[in-house]
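Each value in this text was obtained by applying a stated rule to the coordinates, not by laboratory testing. Keep in mind that what you see is a predicted model, and the values were worked out from it rather than measured. Using ideal geometry, Cβ is built from the backbone for each residue, glycine included, and neighbour counts are taken over all protein chains shown.
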Amino acid sequence: MKFNTKTIHGGQQHEEATGSVMPPIFQTSTYAQSSPGVNKGYEYSRAANPTRTALEKAFASLENGTHGFAFSSGLAAIDCVLRTLNSGDEVIAGDDIYGGTYRMFTNMFEKYGLKFRYVDMNEVGNVIKAISDKTKLIWLETPTNPLMKIADIEEITKAVKAKNTDILVAVDNTFATPYLQRPLDLGVDIVMHSATKYLGGHSDLVMGALMVKDAQLAEELHFIQFAAGAIAGPMDSFLALRGIKTLHLRMQRHCENGKAVAEYLEEHPKVERVFYPGLKNHPNYEVAKKQMNDFGGMVSFRLKDQSKQAALTFLENTKIFTLAESLGGVESLVSHPVTMTHASIPEAERLKIGITDSLIRLSVGVEDIDDLLADLEQALSK
Ligand SMILES: *Cc1c(COP(=O)(O)O)cnc(C)c1O
């Protein structure tokens, strides 16, 4: 099956009893047994629920994996991966990963004896240099938030595996989605998503996903999902499945609109710099072109006027772009990393990685592009 068919049919079958084309919402915690231990494959919904099973099969199919897992949030999915590690193990992560991931690593898992090293993933050499005999996991995110940095997934994975095949490589594929890049095909072990974003696609749920292609790793992750219990509920599983069916259609428009917005901003006299991997002046444009099918709908930019007030004026005046956290829904959103997503990072730290007061992040939705550009134009003229 090609990707655009997989989003609709991947891992799916009509429900047996009625032929229902969509899986019903099995809103149940438990299942009748005919004799102790004799059941129809379902015992208790923390272990498995048919609506979640349908979604988990779709997750696996989208990323060309063999197993998928649905969690109550993206962070719950990351938490599950980290629980495969033991005290004393080391993790190498990108230096500008999602703030919540960084918070979990440093504020939760360090106290259980895990060690984290943060490196600039732009250079494969940085990753290799940080590897020790205790390294067990590489945590990659590409493109990154909000500066849209790109890491070469295939090169990094090859180099890491050449050094030690036991080190797992995981990619947070939230920004790109499997429509744009499929890390399991590039050799990584685990793909993670905040399905809250593009997979769900309608800003109506919070959910996480893991996809793998190794049976033993799948068994380990399933045990943790079952034993720790951070599962996705049946109603949310249904909504995510419905969202996935239009992923390819939405992404096509997100990419078209994202590119048009990036090109418009690049020419605008009030804009200092645009961060979008599809622009030829992006430092990793060639890597992005190699590993992504297109460049997505996330665009960041810096105003020439470096004052916080200039950014606030813009943020208060957009009408179609809603000022809100999150991304990846059909509606366009705008956010201010300094005061919103990255507020917990000390000023010196965030300035070092380029997150200034005048930086603005857009999640470009699937509305008519003329309306989106007109909205940016009127807000920039204030
Ligand atoms: C939102 C997000 C997360 C966290 O996911 P939640 O669903 O909010 O728990 C992780 N990584 C990235 C890149 C995200 O955008």
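Annotations for the structure displayed:
- Set the Cα radius of gyration of the chain against 2.2 N^0.38 Å, with N its number of residues, and you get 1.00.
- Segment Thr18-Gln309, length gained on full extension (0.36 nm per residue, minus Cα span): 98.8 nm
- Label point 7 Å beyond Cα of Phe226 along Cβ direction - residues of the range 31-69 with amide nitrogen under 16 Å: 31, 37-50, 52-53, 67-69
- Principal-axis tilt of helix 247-267 within the chain, Cα atoms, nearest 10 degrees: 20
- Antiparallel DSSP beta bridges within the chain, as percent of all bridges there, nearest 5: 55
- Counted by Cβ distance under 10 Å from Ile320, the other residues give a net charge of -4, where Lys and Arg count +1 and Asp and Glu count -1.
- Of Lys111/Lys213; Lys115/Lys352; Lys245/Lys280; Lys2/Lys40; Lys111/Lys289; Lys163/Lys197, those spanning more than 29 Å from alpha-carbon to alpha-carbon: Lys111/Lys213; Lys245/Lys280; Lys2/Lys40; Lys111/Lys289; Lys163/Lys197
- Sorting His268, His9 from the fewest to the most surrounding beta carbons within 10 angstrom yields His9, His268.
- GluC sites (Glu not before Pro) restricted to the range 255-338 and DSSP loop, no more than 13 other C-beta within 10 Å: Glu325
- Summed over qualifying helices (DSSP H, 4 residues or more, each -39500 (n - 2.57)) and divided by its residue number, the chain shows a 222 nm mean residue ellipticity of -10500 deg cm²/dmol.
- Around the Cα centre of the range 242-281, unit charges on the Cβ atoms of Lys, Arg, Asp and Glu (plus for the first two, minus for the last two) sum to a dipole of about 360 debye.
- FRET efficiency for the pair Asn107 and Lys163, taken as 1/(1 + (r/R0)^6) with r the Cβ-Cβ distance and R0 = 35 Å, rounds to 0.75.
- Taking the square roots of five times each eigenvalue of the Cα gyration tensor of the range 1-126, the equivalent ellipsoid has semi-axes of 37, 21, 11 Å, listed largest first.
- Ascending count of other beta-carbon atoms within 10 Å, so fewest first, for Asp89, Asp152, Asp166: Asp166, Asp89, Asp152
- Ala260-Glu347 pseudo-label distance in nm [points 7 Å out on the Cα-to-Cβ vector]: 4.0
- Bins of 10 Å from zero: percent of alpha-carbon pairs in the range 51-110: 19, 43, 30, 8
- Electrostatic dipole magnitude of the range 248-381 [Cβ: Lys, Arg +1; Asp, Glu -1; Cα centre; debye, to 20]: 500
- Rg/Rh, computed from the Cα trace of the range 248-381 with Rh as the Kirkwood radius, has the value 0.95.
- Acute angle (nearest 10 degrees) that the helix 215-228 long axis makes with the longest principal axis of the chain, alpha-carbon atoms: 90
- Exposure proxy ranking, count of Cβ atoms within 10 Å, fewest first, for Leu362, Leu199, Leu85, Leu351: Leu351, Leu85, Leu362, Leu199
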